[in-house]
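A.B. asks: Quick one: this structure, given as structure tokens, is what I'll be asking you about.
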């Protein structure tokens with residue numbers, strides 16, 4: 001169990017490091033005016049899959065305990081639990097694709113959540129989900145990437 005908490009801590013520290021590095025530099029995406037949303041989607045894919053590792057919680061696991069790429073970010077039962085049972089803990093990670101939050105929330109609502117840590121109802125995320133404080137450009141990139149994923153069959157859009 002201690003190793004699972006270590007993994008969650010590592011994700012949070014990685015995100016803090018990315019934010020810190022990005023906050024001190026002039027964003028290359030901002031200076032490439034006219035390059036289109038394709039670059040932002042690619043950047044969002046990198047942030048979601050390689051930096052934050054969102055798939056570790058938001059993607060169902062296969063028989064080997066690895067994220068099932070066929071169900072990428074479509075929600076899953078959380079692989080971690082708190083040491084002591086508490087009411088304020090999510091048992092499931094929601095679908096982040098267009099068939100889930102990316103289809104229910106507007107781009108502006110997603111950006112607000114990723115920059116302020118507050119959802120459209122003004123509430124913070126349910127643990128173990130951390131409250132993100134991304135730069136607006138990074139938050140938009142994540143939102144565009146998540147909205148590009150079709151999700152479950154019959155999903156919105």
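Only the coordinates and a few stated rules stand behind these numbers; no lab work does. Owing to the predicted nature of the structure, the values given are computational and were not obtained by experimental measurement. So basically every Cβ, Gly included, is an ideal-geometry build from the backbone, and we count neighbours across all protein chains shown.
A.B. asks: Expressed in nm to one decimal, what extension gain is obtained for the pair residue 118 and residue 131 from 0.36 nm per residue of sequence separation less their Cα-Cα distance?
C.D. replies: Result for the pair: 3.9 nm of gain on full extension.
A.B. asks: Neighbour counts of other C-beta atoms within 10 Å: give me 77, 115 arranged from fewest to most.
C.D. replies: 77, 115
A.B. asks: Which stretch or stretches of region 94-113 have amide N atoms under 18 Å from the point lying 7 Å from residue 37's Cα along the Cα→Cβ direction?
C.D. replies: Within reach of a label on residue 37: 96-113.
A.B. asks: With an 8 Å cut-off on Cα pairs and a minimum separation of 6 or more residues, tell me the relative contact order of region 92-139 in percent.
C.D. replies: Result for region 92-139 is 27 percent.
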